[in-house]
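The values are calculated or read from the model by the stated rules, or taken from the named source; none is laboratory data. Model, not experiment: these values are computed from the prediction. Methodologically, a virtual Cβ is constructed for each residue, glycine included, from the backbone with ideal geometry; neighbour enumeration extends over all protein chains shown. For accessibility, only protein heavy atoms count, side chains too; no ligands or nucleic acids. Shrake-Rupley method; radii C 1.70, N 1.55, O 1.52, S 1.80 Å.
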Amino acid sequence: LPALFKQELQNTEAEEGGTATLRCELTKPNAPVEWRKGDTTLHPGLKYEMKQQGSTAELLIYDLELDDS
């Protein structure tokens, strides 16, 4: 069975230059997660950090800019 969202992403507000954390909970632990912004797949680096523990996946976005919305 495919992994589904138990808890979907919530809108988050943060200030420019700060850090935003997006979190979702899946029905299957350690299911592969691909973070995307529109058609663009996000990859770990200076701007983005991806974490996953069990069924919870997180995306941290550093040094926020208006374009990150």
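Look through the range 1-12, keep the residues that are modelled with pLDDT under 85 and over 27 Å from LEU66 (Cα atoms), and return whichever of them is surrounded by the most Cβ atoms within 10 Å (Cβ to Cβ). Looking at the filtered set, the residue picked out is PRO2.
Taken over the range 59-68, the residue count meeting the criterion of being surrounded by 12 or more Cβ atoms within 10 Å (Cβ to Cβ) and without any contact (Cβ under 8 Å) to a residue 40 or more places away in the chain is 1. Among residues belonging to the range 13-36 that are open to solvent by less than 80 Å² (accessible area, probe 1.4 Å) and out of contact with any Ser or Thr (no Cβ under 9 Å at 6 or more places or on another chain), point out the one that is nearest to LEU1 (Cα to Cα). Top of the filtered list is VAL33. LEU66 passes every criterion in (1) under 14 Å from the mean Cα position of the chain (by Cα); (2) modelled with pLDDT of 90 or more; (3) of a type in the set (A, V, I, L, M, F, W, C) apart from (1).
Just so you know, in the range 37-58 the residues that are in contact (Cβ under 8 Å) with a residue 12 or more places away in the chain, open to solvent by less than 70 Å² (accessible area, probe 1.4 Å) and not hydroxyl-bearing (Ser, Thr, Tyr) include one that is farthest from SER69 (Cα to Cα), and it is GLY54.
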